[in-house]
1. On full extension of the chain, what length is gained from Gln231 through Asn357, given 0.36 nm per residue of separation minus the C-alpha to C-alpha distance?
2. Under the Kirkwood approximation for Rh and a Cα-based Rg, what ratio Rg/Rh is obtained for the range 51-99?
3. So what are the ³J(HN,Hα) numbers for the range 170-176, from phi and the Karplus equation (6.51, -1.76, 1.60; θ = phi - 60°), rounded to whole Hz, Gly and Pro as x?
4. Each residue of the range 74-79 in order: what ³J(HN,Hα) in whole Hz does its phi give by Karplus 6.51 cos²θ - 1.76 cosθ + 1.60, θ = phi - 60°, with x for Gly and Pro?
5. How do the peptides 163-176, 334-347, 292-305 rank, highest first, by the average count of neighbouring beta carbon atoms within 10 Å per residue?
6. Taking 7 Å along the Cα-to-C-beta vector as the label spot, tell me the Gln212-Leu110 distance in nanometres, rounded to one decimal.
7. Report, please, the projected area of the range 204-290 averaged over directions, based on the convex hull of its C-alpha atoms, in nm².
8. Taking a ≥ b ≥ c as the square roots of the Cα gyration tensor eigenvalues, with a/c under 1.5 meaning rounded and otherwise prolate when a/b beats b/c, else oblate, which class fits the range 236-341?
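The values are calculated or read from the model by the stated rules, or taken from the named source; none is laboratory data. Worth saying up front: this structure is predicted, and the values here are computed from it rather than measured. Cβ placement follows ideal geometry from the backbone for every residue including glycine, while neighbour counts extend to all protein chains displayed. Just the protein is used for accessible areas: all its heavy atoms, side chains included, with ligands, DNA and RNA removed. Shrake-Rupley method; radii C 1.70, N 1.55, O 1.52, S 1.80 Å.
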Amino acid sequence: MLTAGIITEYNPFHNGHRYQIEQTRSELDCSHIISVMSGNFLQRGLPAVCNKFMRAEMAVASGVDAVFELPVVYATASARDFAYAGVDLLNKLNTVDYLVFGAECDDLSLLESVAEILIDEPASFSACLKNNLAEGMSYPSARADAIKSCCPAGADLLKEPNNILAVEYLSALKKTHSSIKPYIIKRTSAGYNSEDITGSICSASAIRHLLQETCMAHISEPDALFKTFYQVLPTASADLLKTDYLHTYPIFEDHLTSILQYCLIMQNDAPDTVDMTEELYNKLKKTKLLQSYAAIAESLKSKDLTQTRINRALLHFILDIRKNTMSMYKESGWNHYGHILALNRSGSDVIRQIKRNSDLPVFTKPADGIRFLSVYYLNRISKQRAYITLLSMPPIKQNYRTILPPGFLFVLNW
């Protein structure tokens, strides 16, 4: 039995994702495909447009055999930690033969050369990176520029988001001494951030943009939107989105506004949350409170911080994901369980094999997870912290219930 793994977000699952799955099956002749997917919050520091169970259901309806959840502390982390955590989880399942990922560049040797530089950090690279940061460049720009000093051919690689993740996946495979082989499927058609919809394959960004425009126009029965769904999404995905429209989704960052306002009112000192610096927090405290979440995030832009980094800092602030907590999870072994969000009939076969071979407890119900984790690792991590991570929830969830906008509670539910 040959099994491929894909680390993804499926926000939402579209025809480009289905193409990747079809190519994976045909090119690798694999019998099973499993996905490690972000939950309700994403690596860009924003909420998913629809909840994790709906997105997982879309995936298994279109060829993925089983979907595992990437814990929220890693799903909302930097590209490096996001990739490392995904690879670590796949490694510990002891069943995956290939890691499949899309990239704008399909030159594996070139991507591996860049990955080697980021792992070993030669003196010329480190010096150039340090100098760029001192001049006020953002970290991604400073790093991409420093690559030129060691690998001129890779100078432009890190300008593309999928190439960045591809390099981080390759770095993680090497760092973990993984037996999993990398396999690239070159990204086709629409760019990652393109908002154009012209054919049957477009970016997830374009779909979300269209959804947001439709919602802002207050159209309750948007025939044009549904027509586009069936053009760019697999039928199963389109059916789910059409049925649940304005019931459980869509969710956008502005739904987080009241939570952010609440946290700002309650917080007195600079929080020790991931990605939040004291300088950024002081700037945040000076913003006008009666603004939307997106407007507040936009007002924090600066030369040395990307918008994505700012979004992650705000999200970690409201979810109370602290630096010491993140360090504790990493030092104790990164992943400690496999939480299955969805599986199809074929997925039952691969799950049986995973349960025989896995280094981790694997479960579908959080209640079972608490029971399994008490045996496997609660001697290393407090039960409260394990519970919070398991359910992908902030620890002060109960306080949020009185201020959440209608329809938002599902984001915090398990």
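1. 41.3 nm
2. When Rh is taken as the Kirkwood radius, the ratio is 0.99.
3. 5, 4, 5, 4, 6, 4, 8
4. With the stated coefficients, the range 74-79 comes to 9, 4, 9, 8, 4, 4 Hz.
5. Most protected by this proxy first, the peptides run 163-176, 334-347, 292-305.
6. Output for this residue pair reads 3.2 nm.
7. Mean orientational projected area (the range 204-290, Cα hull): 7.8 nm².
8. oblate
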